[in-house]
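These notes are about the structure you will find just below.
The values are calculated or read from the model by the stated rules, or taken from the named source; none is laboratory data. Note that this is a predicted model, so its numbers are computed, not measured. In this analysis, Cβ positions are derived from the backbone assuming ideal geometry, glycine residues included, and neighbour counts consider all displayed protein chains.
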Amino acid sequence: MGSLLRHLRFLAAVQLLPALESGEESTLVGGQAVLEGVMMRSPHAWGIGIRKPDGTLATHSEPLDKLSDKHKWMGWPFVRGLMTLGQAMSLGFRALRYSANVALDQMPKEDEDKKVELSGWVIAVNLILSLGFFIFMYKFVPLLAATKLKNHYPAFGNQILFNVVDGVIRIALFLLFIWGISLMADIRRVYQYHGAEHKTVFAFEHNDPLSVANAQKYVTWHPRCGTSFLMTVMLIAMFVYMLIPATTFWARFASRIALLPVIAAVSYELIRFAAKHGSSLFAVLTKPGLWLQRITTQPPSDEQVETAIAALNEAMELEKQRGGELVIA
């Protein structure tokens with residue numbers, strides 16, 4: 001039973017990956033909460049800090065290739081969002097797997113500094129499963145429910161009203177999932193580490209010396225966060241779908257799948273712009289995501305913030321060794 005519960009906890013954390021990630025392939029740092037720890041990334045490195053069962057801290061870092069350095073077109077607007085999202089999901093799964101082994105004390109100490117390697121098919125399968133869950137839960141189910149309502153109440157056949165209902169159901173399911181999974185004690189701790197990650201990133205972005213006291217001064221919600229990204233995707237999707245003339249169930253479902261990369265790319269650019277222009281009109285669109293972070297981030301303990309700082313220090317040290325230079329906008 002214990003092994004099954006640990007496996008379920010890991011699977012739950014995998015489904016949360018898109019909501020817990022933050023950062024971009026540019027000059028900014030970002031990170032992700034994992035099981036009993038935090039992963040931090042810079043443009044050319046990533047580091048991780050995990051609190052072990054005995055209370056000690058395990059740290060690890062690895063080089064990270066900047067996609068736009070290898071292929072210039074991967075840094076183009078709208079393209080960069082999709083490339084960064086794919087890399088973040090792959091890196092996030094590797095960090096989560098590492099954290100699960102260390103947090104459960106299943107990794108020998110001599111193996112903690114070894115490079116985290118995952119075969120391409122393992123990463124691909126998990127990315128496909130995560131995408132499949134997202135499509136089923138937030139595309140298929142809301143569309144099916146809205147279609148059923150339209151069949152019973154013809155007024156919902158109006159193009160605008162139908163997509164509003166579809167969007168409201170989608171957001172309600174997302175909120176229910178985020179809140180429901182927070183009732184698990186282990187996931188609530190992940191949310192606390194998520195808050196620690198954001199506080200640490202804020203301290204770095206404000207050029208504060210990285211200390212627990214300095215980081216704890218900041219709020220736990222950050223505009224450049226996966227939670228805000230997912231909420232922005234859902235809001236933009238509601239308006240985009242209103243413009244699609246499809247009227248049958250399967251035509252609508254196909255259009256939702258086809259437009260997913262477009263909506264994700266646009267949402268990424270809006271989040272990126274809003275993070276740098278807090279008073280802009282686009283920043284208003286990201287407000288719901290910031291409000292939702294009241295659930296996906298929780299006030300961390302000093303020990304959890306210390307873990308996040310250790311992860312960032314690991315990434316920064318390797319970043320410097322690789323000749324990287326971070327510029328705070």
Looking only at region 202-234, count how many residues are in contact with an Asp or Glu (Cβ under 6 Å, 6 or more places away or on another chain) and more than 17 Å from Q32 (Cβ to Cβ). 2
Of the conditions (1) modelled with pLDDT of 75 or more; (2) under 22 Å from E197 (Cβ atoms); (3) not polar (S, T, N, Q), L11 clears all except one; give me its number. (1)
Considering residues of region 30-72 that are among the β-branched types (V, I, T) and closer than 21 Å to Y191 by Cβ only, the residue farthest from the chain's Cα centre (by Cα): I50
So, restricting to helices (runs of 4 or more DSSP H) that lie completely within region 121-221, which ones have at least 3 residues that are within 23 Å of R41 (Cβ to Cβ) and of a type in the set (S, T, Y)? 185-205
